[in-house]
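Readers should treat all values here as calculations from the given coordinates under stated rules, not as data from a laboratory. Everything numeric in this text was worked out from a predicted model, so none of it was measured. Methodologically, a virtual Cβ is constructed for each residue, glycine included, from the backbone with ideal geometry; neighbour enumeration extends over all protein chains shown.
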Amino acid sequence: MSSLAASNERTVPATTKVIQPAWVRTMHWINAVAIILMIMSGWQIYNASPLFDSLKFSRSITLGGWLGGALLWHFAAMWLLMVNGLVYLLMGIATGRFKRKLLPITPGGVVSDAKAALTGKLSHDDLTKYNQVQKLLYAGIIVVGVVIVLSGLSIWKPVQLQWLTALFGGYDAARYVHFICMSAIVAFLAVHVALAVLVPKSLRAMVIGR
């Protein structure tokens, strides 16, 4: 009986292995939609009161049409991102996914994998395991996500959440923190999409799980 079971296990195609569980895939795509909506509406809000005189975002890549419309889109997407993101964090901790997938991260490992990636020698055969660069990027973007939400709340309610606004160094400083975090997320998305194009099986796994 044991030999038969072992034989059956060997004959199971590798493609049946679940790489991304359903809850991860669902929350990933909800987060993607919410983040894109927030970025585009955020750019329209930024244009109404820019931090840098030389930087304005084209209306073709903004959302809302005007300040009031952009704020409506931004707040709607904010609640979607906050609720979905919070559930994702709780699930990641409760299931042990974060500990299993994102730890440990070592400086030596990051440097080694970064060199391998730049020279085209980084293996992508096992999608169930993140390399050190992926671990650093994914862990980092989670931290950035938390900071951008908190800085956004301090900008939205600077009087009611005075303690939070003060934590960022005041209203103006919170706006700069929010902008820097947005820029980091946009950079992450660019790298994330590029890697999905270069390693299409990773995109397939995030769509169908296998």
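Run through all the Cα pairs of segment 20-84 and give the fraction in each 10 Å bin from 0, expressed as whole percent.
Binned Cα distances yield the sequence 23, 43, 23, 9, 1.
Taking the Cα atoms only, what angle lies between the long axis of helix 171-198 and the longest principal axis of the chain, rounded to 10 degrees?
Once rounded, the angle reads 30 degrees.
Between K157 and V199, what length comes free when the chain is fully extended (0.36 nm per residue of separation minus the Cα-Cα distance, one decimal in nm)?
On the way: separation 42, 0.36 × 42 = 15.12 nm, distance 4.20 nm.
Result: 10.9 nm gained on full extension.
Find how much the distance from I105 to A139 grows on full extension, using 0.36 nm per residue of separation minus their present alpha carbon separation; answer in nm with one decimal.
Details: separation 34, 0.36 × 34 = 12.24 nm, distance 0.94 nm.
Between I105 and A139, full extension yields 11.3 nm more.
Assuming R0 = 35 Å, can you tell me the calculated FRET efficiency for the pair T95 and K115, based on Cβ-Cβ distance, to the nearest 0.05?
Numbers: r = 32 Å, r/R0 = 0.92.
That pair, T95 with K115, gives E of 0.60.
Taking the Cα centre as origin and putting +1 on Lys and Arg beta-carbons and -1 on Asp and Glu beta-carbons, what dipole magnitude results for the chain, to the nearest 20 debye? The partial results should precede the final answer.
Values: 18 positive and 6 negative charges, 109 e Å.
The dipole of the chain has a size of about 520 debye.
Between R25 and S60, what length in nm is gained on full extension when 0.36 nm per residue of separation is reduced by their alpha carbon distance?
9.7 nm
Using only alpha carbon pairs under 8 Å that are at least six residues apart, calculate the relative contact order of the chain and give it in whole percent. Mind showing how you got there, number by number?
Numbers: 168 pairs, mean separation 44.9, N = 210.
Rounded, it is 21 percent for the chain.
Dipole of segment 33-160 (Lys/Arg Cβ +1, Asp/Glu Cβ -1, origin at the Cα centre): which of S151, Q134, L67 lies farthest to the positive side?
Sorting the options by dipole projection puts first Q134.
Debye sum, Cα scatterers, segment 49-124, no solvent: what log₁₀ I/I(0) at q = 0.12, 0.17, 0.24 1/Å?
-0.75, -0.87, -1.04
For the pair L72 and K17, what calculated FRET efficiency results from E = 1/(1 + (r/R0)^6), where r is the Cβ-Cβ distance and R0 = 45 Å, to the nearest 0.05?
Details: r = 43 Å, r/R0 = 0.96.
Given R0 = 45 Å and the Cβ-Cβ separation, E is 0.55.
Could you tell me which of the pairs K17/K135; K17/K201; K17/K115 are separated by over 19 angstrom between their Cα atoms in the structure shown?
Table pairs above 19 Å Cα-Cα are K17/K135; K17/K115.
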